[in-house]
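The values are calculated or read from the model by the stated rules, or taken from the named source; none is laboratory data. Computed from a predicted structure; not experimentally measured. So basically every Cβ, Gly included, is an ideal-geometry build from the backbone, and we count neighbours across all protein chains shown. Side chains are part of the model used for accessible areas, which takes the heavy atoms of the whole protein and leaves out ligands, DNA and RNA. Shrake-Rupley method; radii C 1.70, N 1.55, O 1.52, S 1.80 Å.
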Amino acid sequence: MGEYILVIDEGTTSTRAIVFDRAFAQVALAQQDLTLTYPEDGWVQQDGEEIWERTLAVCREAIEAAGGVSMIAGIGITNQRETTLVWERATGKPIAPAIVWQDRRTARVCEAMKAEGHEAAVQAETGLLLDPYFSGTKIGWILDNVDGARARADAGELAFGTVESFLIWKLTGGHVHATDVTNASRTLLYGLGLGANGGWSTAMADLFKVPMGMLPEVKPNAADFGMSDEGLLGAALPILSAAGDQQSALVGQGCLAPGMAKITYGTGAFLVANTGAERPDSQHRLLGTVGYELPGGGAMALEGSIFNAGTVVKWLRDDLGLIDSAEETETVASGLKTNGGVYIVPAFTGLGAPHWNADVRGTISGLTRATTAAHMVRAGLESAAYQTLDLLEAFEADGAGIRELRVDGGMVANDWLMQFLADICDRPVLRPDYREMTALGAAALAAMQLGWLAPKDWQDRPVQGTRFEPKMAAAERKTLIKGWNDAMRGTLA
C-alpha cells in the first residue's frame, strides 16, 4: 500500500488535486480553473463534463509529481456543495449544465412554496430553509425544463448527484452511485440526523417532485466509496472519504468537539459550528446540517452562509479593474486611515444567512466626491467582516456562542483583513500556516478510514499559525458597525 493520500478538492472556480503524506504534509498539487457561465440574471452554471475532465487531468498530474500511482494509498474527495447534476445512467453524461450553488433561478418556486406554508415543515425535516441555494428545487428545474427528463427520471434512466457523487460515479466507471451524509444534508431531501436517525425523506422527495430512484446511497464521510477504474489513474484506488467543502474544513481545522467553529473565506464564506450529537434547532435563520459522520459517531452543526466574499475581490479586479491582483488589496486598504463612509453590500446573487433574500441585489452607499478607488477596494474587503459579524450575532442568539474564529480559505492571506475581522467581530482570529483546510479535512477522513489516525489525535494535534487579537477602540467599532447596519437596511428596503 502507498504512503500518500490523493485529495480531489473540487471548488466553484477551480478543481485541484493535492497529495498528502502520512504526516499530512503537502507532497504535490495540481490545479485547473473551471468555467462559470451566467446565461441570465441570477443564473450560474457549469459544464459537468469539463468538471470531470479537468479533475481527472489534475489527478494524473499530481500523481505523477508525487512519484507515481504506487505511492497512493487511496482517494479523498471534497467539493462545492449544492451544485446539482443530473446525468444518464447509461452514458454518465449530464443532461443539462450543472446548476451551481449560487444560482437563483428557482427563487420564484421557493417563494411560492413559502406562501403555501411549506417552510416550517421543510425546516423541521431537513434543518434547512426554502431557498434556491439548495439542490432540491434545482433538480426539479432540470426535470421540468429538459425535454423528456421527468419521464426518463420516472423510468429510472437518470441519476442525481452533487459534485462528489458525480465524480465517484465517473471514477468508478458508473459502478457506484453514492454520496456522503454532509452533501446529502444540503439537498432539502434529507431527513436530518446522524446514522439511522437520518436518511432520504419520502415526504420531501414528494414535496419537491424528485423520484426517489434518482437519489444516491448515503454513506458516512469516512467509508468505502468503491474503487476507481484502473484505466483512469494507472491503478485501481480505493475512494476512502467524501465531504462537502465546509464540513471538510470543519474537520481540517480539528473542530471535533462541541462549541468549536471555523469560517472559510472562499467564493462565499461559511461559518460552521460543531453542536455535538444533538440536532440543532435554529430560531434565527441559521441552517442545521450534519457536521461529519464517522463509523464510530459524528456531530451535527449550525451553519451560516455568506454568498459573496472572494467574489467581491474578483469583481474589483476583473470587472471594475480597480486592482491588478488580489494581493494588492492589503496594501490599498492599509493605506487609508478610514473607509471614507463607503460601504458595499455584495448581494450579487442575493443574501444568505441570516437574511435569506434571493431577490435583493448589491448596493454601494456613502459615495462622495472624495471617494477613490481605494475606498471601494477597502469597502469590498470590509464587507466580509461585517457579514461575519451578522452571522456571529445570529449564532449567539441561537445559543451557540463562538469565542474565537478559526479561519481558512484564500482571503485569509490578507493580514489587514484578518486584523479588521478580529476588530469588528471583537474576537481572536486564528489563522493556520497551512491554509488548505478543505483538502486537509478530506485527507484526515481518508486516513481515519485507513486506520492511520484516530479522531481524538486529529483534534488534539498542534497547529502552527498566527493569532490576531482585537485592538480597535470600542467607539470606532460602534461607528463602523452602525454604518454597515444602515447600508444593509437600505439594501433590504
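At a glance:
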{"read-out": "The one condition in (1) within 28 Å of Phe307 (Cβ to Cβ); (2) assigned to a helix (DSSP H, G or I); (3) more than 18 Å from the chain's Cα centre (by Cα) that Thr55 fails to fulfil", "value": "(3)"}
{"read-out": "Conditions (1) open to solvent by 30 Å² or more (accessible area, probe 1.4 Å); (2) within 23 Å of Thr187 (Cβ to Cβ); (3) without any contact (Cβ under 8 Å) to a residue 24 or more places away in the chain: number failed by Pro39", "value": "(2)"}
{"read-out": "Test: Leu29 is at pLDDT 95 or above, part of a helix (DSSP H, G or I) and among the hydrophobic types (A, V, I, L, M, F, W, C)", "value": "no"}
{"read-out": "Subset of the range 391-400 that is touching a residue at least 60 places away in the same chain (Cβ under 8 Å) and either small (Gly, Ala, Ser) or open to solvent by less than 20 Å² (accessible area, probe 1.4 Å) (or both) - its residue that is nearest to Leu256 (Cα to Cα)", "value": "Ala400"}
{"read-out": "Every residue from the range 475-493 that is touching a strand residue (DSSP E or B) at 6+ places or on another chain (Cβ under 8 Å) and surrounded by fewer than 16 Cβ atoms within 10 Å (Cβ to Cβ)", "value": "Asp486, Gly490, Leu492"}
{"read-out": "Restricting the range 51-82 to residues that are open to solvent by less than 20 Å² (accessible area, probe 1.4 Å) and among the β-branched types (Val, Ile, Thr), the residue that is farthest from Ser14 (Cα to Cα)", "value": "Ile72"}
{"read-out": "Tally of residues being open to solvent by 10 Å² or more (accessible area, probe 1.4 Å), over 22 Å from Ile18 (Cα atoms) and small (Gly, Ala, Ser) across the range 418-474", "value": "2"}
{"read-out": "Meets criteria (over 26 Å from Asp359 (Cα atoms) and not in a helix (DSSP H, G or I)) for Thr179", "value": "yes"}
{"read-out": "Set Ala236, Ala243: member being out of contact with any Lys or Arg (no Cβ under 9 Å at 6 or more places or on another chain), aliphatic (A, V, I, L, M) and in a strand (DSSP E or B)", "value": "Ala243"}
{"read-out": "Contacts under 8 angstrom Cβ, first residue in the range 10-28 being in contact (Cβ under 8 Å) with a residue 12 or more places away in the chain, partner open to solvent by less than 30 Å² (accessible area, probe 1.4 Å) and aromatic (Phe, Trp, Tyr), 6 or more apart", "value": "Thr12/Trp101; Gln26/Phe20; Val27/Phe20"}
